[in-house]
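To keep things clear, I will list the structure first and then write my remarks on it.
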Amino acid sequence: TNFDVIKLINTCIETAKISLQKDVRFSLTSTFQPVFVDADEAHIKNVISNLIDNAIKYSVENVDIVISIVERNKDVEIRIRDNGLGIEPIYHKDIFDRFFRVPTGNLYSVKGFGLGLAYVKQVIEQHDGFIEVESALEKGTTFIISLPKSNI
Ligand code: ATP
Ligand code: MG
């Protein structure tokens, strides 16, 4: 079904704010609106919530989460950027594998199963989309999701 991604992301942000244990700022911008996609709304909501959850978990303090939406040809591109720990490029291909967690540093005290990103990737690919990561250690992380725009 068709839904507006901006509305959905705002709901995810409000939900994330309820249980914050750190100082987190959110921003959401789009070059157009509404942003309709034809997708499974519940799964896409889980995708966005998983990426926001990671952005918060793998950041220390004064967390800035910047979400931006742009149109790219027939796709909607959603970028979710944080200013957290970052991920070394050697691990970029592994983080989408089930049960993989980056085996370094602070991660020992951060709980997780290593399942979130495997789920995220599966949902996005089932919608004929794709996901990419841009990140370096201590430079923060950006996840980029592309989904086909709805024709309606
Ligand atoms: P789960 O999501 O199942 O609770 P998890 O967060 O460990 O556990 P994923 O979401 O699949 O699992 O992420 C895999 C690994 O990728 C994480 O353990 C972490 O090492 C790294 N990672 C994911 N997102 C970020 C991020 N925003 N910043 C830094 N590292 C990240
Ligand atoms: Mg996770």
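Put a dot 7 Å past the Cα of Leu28, heading toward its Cβ, do the same for His92, and the two dots end up 2.8 nm apart.
Helical runs assigned H by DSSP (4 residues or longer) give the chain a calculated mean residue ellipticity at 222 nm of -9000 deg cm²/dmol, each run adding -39500 (n - 2.57) before division by the residue total. Note on Glu132 and Lys17: the extension gain reaches 38.9 nm, defined as 0.36 nm multiplied by sequence separation minus the Cα-Cα distance.
Annotation for the range 1-62 versus the range 120-152: alpha-carbon center distance of 13 Å.
Classification of the chain by its C-alpha gyration tensor yields a prolate form. The axis ratio a/c (a ≥ b ≥ c) is 1.5 or more, and a/b outweighs b/c.
Around the Cα centre of the range 1-49, unit charges on the Cβ atoms of Lys, Arg, Asp and Glu (plus for the first two, minus for the last two) sum to a dipole of about 260 debye. Along the axis of the charge dipole computed for the chain (Cβ charges of +1 for Lys and Arg, -1 for Asp and Glu, origin at the Cα centre), the listed residues Asn46, Ile124, Gln33 are led at the positive end by Asn46. Of all aspartates and glutamates in the structure, those lying under 18 Å Cα to Cα from Lys121, and not within fewer than 8 positions of it along the same chain, are Asp38, Asp40, Glu41, Asp53, Asp75, Glu77, Asp94, Asp97, Glu132, Glu134.
Considering only DSSP states other than H, G, I, E and B, which chymotrypsin sites (Phe, Trp or Tyr not before Pro) in the range 57-110 qualify as loop sites with at most 11 other Cβ atoms within 10 Å?
Details: sites: Tyr58, Tyr91, Phe96, Phe99, Phe100, Tyr108; in loops: Tyr58, Phe96, Phe99, Phe100.
Loop-located and lightly packed - Phe99.
Is the range 76-139 best put as rounded, prolate or oblate by its Cα gyration tensor, with a ≥ b ≥ c the root eigenvalues, rounded for a/c under 1.5, and otherwise prolate when a/b is larger than b/c, oblate when not? Taking the square roots of the gyration eigenvalues as a ≥ b ≥ c, the range 76-139 is oblate. Model label points for Asp53 and Ala118, set 7 angstrom from Cα along the Cα-to-Cβ axis, are 1.4 nm apart.
The phi-based Karplus calculation (6.51 cos²θ - 1.76 cosθ + 1.60; θ = phi - 60°) puts the 3J(HN,Hα) values of the range 36-45 at 8, 10, 9, 7, 7, 4, 5, 5, 5, 4 Hz, whole numbers, x for Gly and Pro. Once C-alpha pairs closer than 8 Å and six or more residues apart are averaged by separation and normalised to the residue number of the range 42-152, the relative contact order reads 32 percent.
Over 18 Å apart at the Cα level, from the set Lys17/Lys57; Lys7/Lys139; Lys7/Lys45; Lys7/Lys74, are Lys7/Lys139; Lys7/Lys74.
Magnitude of the charge dipole for the chain, about its Cα centre and with charges confined to Cβ atoms of Lys, Arg (+1) and Asp, Glu (-1), is about 240 debye.
Laboratory data are not the source of any read-out in this text; all were calculated from the coordinates shown. Owing to the predicted nature of the structure, the values given are computational and were not obtained by experimental measurement. Methodologically, a virtual Cβ is constructed for each residue, glycine included, from the backbone with ideal geometry; neighbour enumeration extends over all protein chains shown.
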